[in-house]
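The structure appears below as structure tokens.
The values are calculated or read from the model by the stated rules, or taken from the named source; none is laboratory data. All values reported here derive from a predicted model rather than from experimental measurement. All Cβ positions, glycine included, derive from the backbone under ideal geometry; neighbour counts span all protein chains shown. Heavy atoms of the whole protein, side chains included, go into the accessibility calculation; ligands, DNA and RNA do not. Shrake-Rupley method; radii C 1.70, N 1.55, O 1.52, S 1.80 Å.
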Amino acid sequence: MSRRHYSLATLRRIFATWDQRIRFRWDLAQKAKDNPHLIDDIGLTRHEVEAEIAKPFWRR
């Protein structure tokens, strides 16, 4: 089994990406709950929104 070695800069980018995904999905959940008509305006279906919100933060 090989072990990956990451630089500090790479780890920071990974954590920043994860943080961005967490915030995006939280915002999307709030918008879907508070203003469901906005979801239609951005061209997503309710099913697509629910699928995106359900993803863990490490998944794209």
When segment 19-41 is checked residue by residue, the ones that are more than 14 Å from residue 58 (Cβ to Cβ) and of a type in the set (Val, Ile, Thr) are 39
What are the pairs, 6+ residues apart or on separate chains, where a residue within segment 6-20 that is part of a helix (DSSP H, G or I) has its Cβ under 8 Å from a residue that is surrounded by fewer than 11 Cβ atoms within 10 Å (Cβ to Cβ)? 14/6; 18/58
Considering segment 8-18 alone, what residues qualify as being closer than 13 Å to residue 59 by Cα and open to solvent by 70 Å² or more (accessible area, probe 1.4 Å)? 15, 18
Do we have any residue at all in segment 22-32 that's part of a loop (DSSP other than H, G, I, E, B) and either open to solvent by less than 100 Å² (accessible area, probe 1.4 Å) or not β-branched (Val, Ile, Thr) (or both)? no
